[in-house]
Amino acid sequence: MKRLLVLICAAAVLGLTAAPVFSGGSPESETYTIEVTGSTSVAPLMEQFADAYRDVRPEVTINISGTGSGDGITGANTGVAELGMSSRNLRSAEIGFGLDVLTVAVDAIAVVVHPDNPVSDLTVEQVRGIYTGEITSWAELGGDDSQISVVSREPGSGTRGAFEGAVGFVDELLAGAIEFDGTGGVRAAVAGNSQAIGYISLGSMNPEVKAVSVNGVEAKAERVVDGSYAVARPFLILYREAQIDPETKTFLDWMVSAEGQAIVSQNYVPVQ
Amino acid sequence: MRNRHRRIQIDSAVRIIFQAVSYLSVIALIAMLGFVFYQGIRPFTAPTADQIQIVPEHIPQLTVNGRMYENRRSFIDIPMDAEGITIEFEHQGEHLVVNAGIDPSGDTWEEIITFPPELHQYITSPEAYMYTIILPSAVAGLEQRIHIQIPEPRQQVSAFLLGSEWRPVYRKLYGILPMIAATLLTTAGAVLLGVPLALLSSVLIAEFLGRRSASLVRSAVDLLAGIPSVVYGFFGLMMLVPLIQRIFGSSSGSSLLAAVAVLSVMILPTVISITVTSLKAVPAAYREASLALGATPLQTAWRVVFPAARSGITASVILGTARAVGETMAVMLVAGNSPQFPSSLTDSVRTMTATIALEMGYSSGRHNELLFSIGIILFVIIIALNAIIMKLKTNMQEVS
Amino acid sequence: MEQILQMTQEKITIRDLNLFYGDFHALKHINMDIPNQEITALIGPSGCGKSTFIRVLNRMNDLIDGCSTTGAVTLDGTDISRIDVTELRTRVGMVFQNPNPFPMSIRHNVEYGPRMQGIRNRHRLSEILENSLIKAALWDEVKDRLNKSALSLSGGQQQRLCIARAIAMEPEVILMDEPTSALDPIATKKIEELIRDLKQEYTIVIVTHSMSQAGRISDRTAFFLLGEVKEYGRTADLFERPEHDETQQYIQGHFG
């Protein structure tokens, strides 16, 4: 009797944990869920894709979790997620994972300051100087006589990797720079501090912060297209061609179709 | 009779479930410890790989040390004891041969692989332990590349604990001393600032306030304990950080001072609730005896009640310390998270917990494993603090 | 009775004392004169108010919420409500029912009171320590372990330490609230001898449960019943020729 009760309890526990597995594969349901994970910078664009795709194929649900580019690449590599998002090019060690890569958009990284800051134009060299600690006062840049508060993203962030690569100071960030996780964190830090400088995805700009032009070129999608705005990076989707569902393949094709790229062009640079 | 039999059955079933549930916490602890230790010890025991790894890009067909690969997109392993690396492939219609020597005894990673001088102009090293040979192409973006990855050697414990540079992504420098210092400084600051405050309020609550106001203050303290740490952090970020910037005229208010201030408020409930409990547990006879000797209530509280509750108070301070060591979210929001040694209270710092929380989602390979190693160090600190509490408890039992 | 009071010098006088716990009338119209350098015993059944009464004399009842008194208590002619409470307690010491030494060393227990009064001189403190312990008949037993915890002493020793602690304040009056009820007969005997010796210097008021103890050590005895003083007089008189039937019955063990 005692043993029977134990068995019943065990079966109940197993049943509870196993339930989602069974329901996922039930044959009568026509719905399909695509798991997407990775970059917090790509996530807002992916949300827009998902919204629009609901009208195209209502039976497909797209589950997005924005955790970080590294997570997206690892997730696609290990199969935790069907699609991974990255806001930077793959690093050498990651190329060896043998993942398939689809570029869905190009994003400019805007260098932002507080709206009250009189400085509105910087050269790439000046940006590098600020971020490596050679330039410490706004006075050196034609601004007020106040110390610069350098705001960066955390190590491993796609935005940070792309920014450091484009500006040319890979892993030479000044040690005293403030580091925040997520685009929102950096934006809030710059919005709340008139001495701060930071960098965020152009698609995440809002009036709380002011984008400065780099080398005299405004941070705008058109300037990225003509190649004059230098601080840009691709938005990548990573997957394994051999393992994805046909439904997912359709979604991938749709993202780079004219319809998908029309969504991209609202805030980012389309790839075609 | 039958009914009674069933009741016994239900009783034993409930007991089994209770047992299983009570062991769950032990299992969870062991599982967690095992996981953290397994991940966190690995960097100190073995190199990241046993072989050199090569991956080609935009090269449909290549031969490495005599073996041919087609459309290869994953790593090709080359044993460390191989004589060298010979890569042959077609480049713009030409047959190219790239030769490199291997010296596994090289002191630094740059010495492990040697390239012939004519190749140097094509070689870049985008990050440590990594070479990329880039061959020009007429079409931008389709350059043929060969990535060569050298395994990172066993991580030195001393370089990890005592290194002062944390540049984990490209330069592969994994020194966490600034983080250890930051954790110790923020904790010490919070204890120095928060504990006296907490002890004063505890004495006030336990000894001087009337029943109604004491319960009012106590419920406020309990509510303080229930506020999610992210709310503390948010409050600190929005109120404290700008205030500190304005007062000190520093470039940013995100600082050691902000972290200390937020943490010292966060440890108040822990310290106060345990201290009040142990002050109340002091026998009334001690208070009477002291007052009957003509001592004032303040002298009584300070000279008799307080020393009598010493063990409990020490335990509360240690629990508060543990809370400060472990706090992540609030500190991450206000400390600024720069991996540097602070030279003043207004410098930005990054604690160990913040490092784990910040980078876990973005890390891979050794960087990821070393975040677990930081977890081990936190574990050790917490276990040490708990051991002190256990010791205090046995001492207390011996005294009473 | 009138005659007796005229013959002796009063240390404490109590005039029409009433004490209330909220609405409860705990002590009723008490009039007493406690003579100098004598031992006054307070006896009576449980709940009769004798412990409450003794705590009026050093104003320990002030600590209890809702406790109020009317009437007058004077110490050497001064109303005790007009004496600063900490000063009053240095003049009127107290020893409690259960030995309650502080959880510190023997030395610090005895030095506690003087230290709280601001005496810092080490030499002076040592002097007080030795004198008090000698007077409390504890010196020979503890002189070699003054820095040991007071909690390591036996119950009887702890109670004598508490007496030493009270003596260290050089009080005029010592109140004792059933000081031997938690002790064994041998320890009780020692304490009783000690109390008799202390009479030379101090006025002692002792609450006791034991009729025989009152008979052995006290000069005067007051019999309390239901918050009133039924009878007060020389111990010998009260025990041999009680004026009231209740006193007689209580002494003979009919109730209580």
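Numerical summary
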{"item": "Separation in nanometres of the label points that stand 7 Å from Cα toward Cβ, at B:A46 and A:Q243", "result": "2.2"}
{"item": "Inter-label distance, nm, simple model (7 Å from Cα along the C-beta direction), C:S152/B:E83", "result": "8.2"}
{"item": "Accessible surface of C:T69 - all protein chains present, 1.4 Å probe, nearest 10 Å²", "result": "80"}
{"item": "Environment charge at C:I119 (Cβ cut-off 13 Å; Lys +1, Arg +1, Asp -1, Glu -1)", "result": "+1"}
{"item": "Local electrostatic count, B:Y286, Cβ distance below 14 Å [Lys/Arg +1, Asp/Glu -1]", "result": "+3"}
{"item": "For the pair A and B, total buried accessible area rounded to nearest 100 Å², probe 1.4 Å", "result": "3600"}
{"item": "For the range B:225-232, Karplus couplings with θ = phi - 60° (6.51, -1.76, 1.60), whole Hz, Gly/Pro x", "result": "5, x, 6, x, 5, 5, 5, 4"}
{"item": "Residue-averaged 222 nm ellipticity for chain B, from DSSP H runs of 4+ at -39500 (n - 2.57), nearest 500", "result": "-18000 deg cm²/dmol"}
{"item": "Calculated [θ] (222 nm, deg cm²/dmol) that DSSP helices of n ≥ 4 give over chain A, each run adding -39,500 (n - 2.57)", "result": "-11500 deg cm²/dmol"}
{"item": "Solvent-accessible surface ranking, highest first, for B:W302, A:W138 at 1.4 angstrom", "result": "B:W302, A:W138"}
{"item": "Solvent-accessible surface (1.4 angstrom probe) belonging to A:D144, in square angstrom, nearest 10", "result": "90"}
{"item": "Helix B:177-203 axis, angle to chain B major axis (alpha carbon atoms, nearest 10°)", "result": "10"}
{"item": "Inter-part distance where the range B:128-193 and the range B:210-268 are each reduced to a Cα centre, Å", "result": "34"}
{"item": "Computed FRET value (nearest 0.05) for C:I134 with C:Q9, which takes r as the C-beta separation and R₀ as 25 Å", "result": "0.35"}
{"item": "Qualifying lysines (Cα of each under 16 Å from Cα of C:K143; at least 8 residues distant if same chain)", "result": "C:K135"}
{"item": "For the range A:115-154 and the range C:123-163, distance of Cα centres in Å", "result": "74"}
{"item": "Interface size C-B, as summed buried accessible area [1.4 Å probe, Å², nearest 100]", "result": "1600"}
{"item": "B:Q156-C:S81 pseudo-label distance in nm [points 7 Å out on the Cα-to-Cβ vector]", "result": "8.2"}
{"item": "Heavy-atom accessible surface of chain B: percent carbon and sulfur, 1.4 Å", "result": "64"}
{"item": "Alpha-carbon radius of gyration plus Dmax, which is the widest Cα pair, for the range B:51-151 in Å", "result": "13.0, 40"}
{"item": "Kyte-Doolittle mean at least 0.5, axial Cα span of 18 Å or more - DSSP H helices of chain A", "result": "A:2-24"}
{"item": "Residue order for C:W139, B:W166 - accessible surface, 1.4 angstrom probe, largest first", "result": "C:W139, B:W166"}
{"item": "Dipole moment magnitude, nearest 20 debye, the range B:51-151 about Cα centre, only Lys, Arg, Asp, Glu C-beta charged", "result": "360"}
{"item": "Computed magnitude of the charge dipole of chain B (debye, nearest 20; Cβ of K, R +1, Cβ of D, E -1)", "result": "3320"}
{"item": "Occluded residues from the range A:169-201, i.e. those whose accessible area drops by 20 Å² or more once the chain is not alone (1.4 Å probe)", "result": "A:V170, A:D171, A:E172, A:L173, A:A175, A:G176, A:I178, A:E179, A:F180, A:D181, A:N193, A:Q195"}
{"item": "Percent accessible area from carbon and sulfur atoms, the range A:92-249, protein chains only, probe 1.4 Å", "result": "47"}
{"item": "Charge dipole (the protein assembly as shown, unit charges on Cβ, about Cα centre) - positive-most of C:I39, B:F248, A:G161", "result": "C:I39"}
{"item": "Per-residue mean of C-beta atoms belonging to partner chains within 10 Å, peptide B:349-362", "result": "5"}
{"item": "Phi to ³J(HN,Hα) by Karplus 6.51 cos²θ - 1.76 cosθ + 1.60 over the range C:10-21, Hz, x for Gly, Pro", "result": "8, 8, 10, 10, 10, 10, 6, 7, 10, 9, 10, 9"}
{"item": "Two-site FRET efficiency, C:H123 against A:D116, from Cβ-Cβ distance with R₀ of 60 Å, rounded to 0.05", "result": "0.25"}
{"item": "Longest segment of chain A lacking GluC sites (Glu not before Pro) that sit in a DSSP loop with at most 16 other Cβ atoms within 10 Å", "result": "A:60-133"}
{"item": "Percent RCO, i.e. relative contact order, over chain C, from Cα pairs under 8 Å lying at least 6 residues apart", "result": "27"}
{"item": "Distance histogram in 20 Å bins (all Cα pairs of the protein assembly as shown, percent per bin)", "result": "11, 29, 24, 17, 13, 5, 0"}
{"item": "Residue among B:A308, B:A289, B:A188 with the largest mean-square fluctuation in a Gaussian network model of chain B, springs linking Cα atoms under 10 Å", "result": "B:A289"}
{"item": "Residue (of C:Q200, C:Q157, C:L175) at the positive-pole extreme of the range C:133-240, dipole from beta-carbon charges", "result": "C:Q157"}
{"item": "Residues losing 40 Å² or more accessible surface upon assembly, the range B:222-271, compared with the chain by itself, 1.4 Å", "result": "B:Q245, B:S251"}
{"item": "Listed residues C:G49, C:G77, C:G233, most fluctuating in chain C (Gaussian network, C-alpha, under 10 Å)", "result": "C:G77"}
{"item": "From phi via Karplus (6.51, -1.76, 1.60), per-residue ³J(HN,Hα) for the range C:232-242 in Hz, x at Gly/Pro", "result": "9, x, 4, 4, 4, 4, 5, 6, 8, 10, x"}
{"item": "Occluded residues from the range C:71-117, i.e. those whose accessible area drops by 20 Å² or more once the chain is not alone (1.4 Å probe)", "result": "C:T86, C:R89, C:F96, C:N100, C:F102, C:P103, C:M104, C:Y112, C:M116"}
{"item": "Estimated 222 nm signal from helices in chain C, with DSSP H stretches of n ≥ 4 weighted -39500 (n - 2.57), rounded to 500", "result": "-10500 deg cm²/dmol"}
{"item": "Residue (of B:I381, B:A330, B:S264) at the positive-pole extreme of the range B:174-399, dipole from beta-carbon charges", "result": "B:S264"}
{"item": "Total charge dipole magnitude, the protein assembly as shown, about the Cα centre, Cβ charges on Lys, Arg, Asp, Glu only, Debye to nearest 20", "result": "3960"}
{"item": "Placed amide H near C:M104: partners under 5 Å, 5+ positions off or other chain", "result": "C:A150, C:L151"}
{"item": "Amide H contacts of B:L173 (H built 1.01 Å from N, under 5 Å, at least 5 apart or other chain)", "result": "B:R167"}
{"item": "DSSP bridge orientation in the protein assembly as shown - percent antiparallel, rounded to nearest 5", "result": "70"}
{"item": "Chain B, relative contact order [Cα under 8 Å, separation at least 6], %", "result": "16"}
{"item": "Heavy-atom accessible area per residue - the protein assembly as shown, 1.4 Å, Å²", "result": "46"}
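The values are calculated or read from the model by the stated rules, or taken from the named source; none is laboratory data. Because the structure is a prediction, the values reported are computed rather than measured. We place every Cβ from the backbone using ideal geometry, glycine too, and count neighbours over all the protein chains shown. Areas reflect the complete protein model, heavy atoms only, side chains present, ligands, DNA and RNA absent. Shrake-Rupley method; radii C 1.70, N 1.55, O 1.52, S 1.80 Å.
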